[in-house]
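Inspection log for the structure reproduced underneath, given as structure tokens.
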Amino acid sequence: MGQDIEWKSYFSDDERYADIINGIVFRGKQIVAETDLHEVDTQTGYRRGMRFIRKWQNANRRRSRIRDSVRKTAFGVNFVIIGIESQEVIDYSIPLRNMAYDVGEYEKQAARIRREVRKHHEGLESGEYLYGFRKESRLYPVVTFILYSGKEAWDGPKSLHEIIDFTDLPDELKKMVSDYRIHVIDVRRFNDTGAFRTDVRHVFDFIRCSEDKHALYKLVEQDDYYKNMEEDAFDIVSHYANAVELLEVKDYYGKEGKVDMCKAIRDLMEDSRAEGIEEGADRINQLIILLSEQGRMDDIVRAAKDRKYQERLFREELGSR
């Protein structure tokens with residue numbers, strides 16, 4: 001659940017939200033601006049039965065779900081409701097859960113329409129009055145992106161049909177069973193991060209490299225962004241680098257809450273050079289590479305600040321080398 005909160009906080013920034021839409025849907029074309037986005041209540045819900053139909057009153061129970069992030073996005077005079085859900089573990093029933101989110105959004109819209117129809121009910125047909133929905137009433141489209149950041153490649157279903165048993169069903173009947181597709185973005189295997197214009201690219205790149213130790217070390221060293229990270233972006237990548245202790249190392253926080261992830265590595269190198277010991281520099285290099293290969297960015301940071309901890313790592317990690 002921790003990463004869900006971090007992702008939700010991260011995408012509370014509308015510039016990033018727009019960037020996700022532009023990068024995934026429009027492959028980098030700047031179609032949606034942050035000013036096109038409007039906040040929407042993340043709670044979705046629907047009623048089983050309708051209050052104004054007496055025989056269903058006993059079944060009138062409310063179900064509600066809390067979404068991670070959702071925005072109403074303007075396209076000309078129209079709107080699309082776009083949700084983002086974070087996922088770190090494969091859910092093999094996810095088409096059902098995702099469908100419930102989207103149905104809940106549609107029902108919220110329908111409920112608003114019903115309220116308006118009841119206020120202005122003159123000239124309605126009987127069905128329009130009974131169900132609170134005019135012939136010309138329309139709903140805004142709903143789309144949900146699932147940001148999957150698990151270590152295993154996504155092998156879960158991407159449509160409702162994939163979890164329905166069609167054994168012995170005639171094709172003619174199968175075609176009549178409505179399908180429902182979901183949109184999974186496998187972050188660790190998403191290579192088109194150049195389509196992003198914000199630090200979404202850097203967060204995706206870090207997560208993608210987090211299991212490739214040499215690639216992660218190279219990425220952090222060569223990209224200047226990681227020397228001046230936004231704190232909420234840092235919170236996310238720390239989770240995927242198993243670097244919880246990084247959050248407590250105040251010396252690596254700069255102005256306006258930004259974080260220098262590379263400074264710890266540089267400090268380790270400087271510490272060695274100050275002593276003028278070439279062998280020590282080689283050992284520092286070995287230690288940094290070894291810890292980076294294991295994704296232990298927290299140990300690199302701690303060793304940069306704590307000489308005793310540094311010596312302990314030398315003994316434990318390089319003692320037999």
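The values are calculated or read from the model by the stated rules, or taken from the named source; none is laboratory data. No experiment lies behind these values; they were computed from the predicted model shown. Note that we place each Cβ from the backbone using ideal geometry, even for glycine, and neighbour counts take in every protein chain shown. Keep in mind that these areas ignore ligands, DNA and RNA; they rest on the heavy atoms of the full protein, side chains included. Shrake-Rupley method; radii C 1.70, N 1.55, O 1.52, S 1.80 Å.
Numbers at a glance
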{"quantity": "Flag for Y140 being open to solvent by 80 Å² or more (accessible area, probe 1.4 Å), of a type outside the set (K, R) and touching a residue at least 60 places away in the same chain (Cβ under 8 Å)", "calculated": "no"}
{"quantity": "Of all residues in segment 88-102 being of a type in the set (A, V, I, L, M, F, W, C) and over 13 Å from R181 (Cα atoms), the one that is most open to solvent (accessible area, probe 1.4 Å)", "calculated": "V89"}
{"quantity": "Residue match in segment 161-174 (condition: at positive phi, out of contact with any helix residue (DSSP H, G or I) (no Cβ under 6 Å at 6 or more places or on another chain) and acidic (D, E))", "calculated": "yes"}
{"quantity": "Pick from segment 289-321, criterion of a type in the set (S, T, N, Q) and closer than 17 Å to F206 by Cα, ranking: modelled with the lowest pLDDT", "calculated": "S292"}
{"quantity": "Strands (runs of 3 or more DSSP E) (entirely within segment 59-131) containing at least 2 residues that are of a type in the set (D, E, K, R)", "calculated": "62-66, 69-75"}
{"quantity": "Test: residue in segment 119-140 that is in contact with a helix residue (DSSP H, G or I) (Cβ under 9 Å, 6 or more places away or on another chain) and within 24 Å of R16 (Cβ to Cβ)", "calculated": "yes"}
{"quantity": "Residue count, segment 195-222 (criterion: open to solvent by 30 Å² or more (accessible area, probe 1.4 Å) and modelled with pLDDT of 95 or more)", "calculated": "2"}
{"quantity": "E116 open to solvent by less than 100 Å² (accessible area, probe 1.4 Å), free of Cβ contacts under 8 Å to residues at least 60 places away in the same chain, of a type in the set (D, E) and over 30 Å from I5 (Cα atoms)", "calculated": "yes"}
{"quantity": "Every pair of residues 6+ apart whose Cβ atoms lie under 7 Å, when the first sits in segment 202-220 and is free of Cβ contacts under 8 Å to residues at least 12 places away in the same chain and in a helix (DSSP H, G or I) while the second is surrounded by fewer than 20 Cβ atoms within 10 Å (Cβ to Cβ) and of a type in the set (A, V, I, L, M)", "calculated": "C209/A215; C209/L219"}
{"quantity": "Segment 119-136 residues that are loosely packed, with under 12 Cβ neighbours inside 10 Å, paired with ones that are assigned to a helix (DSSP H, G or I) and modelled with pLDDT of 90 or more (beta carbon under 8 Å, 6 or more apart)", "calculated": "K135/E128"}
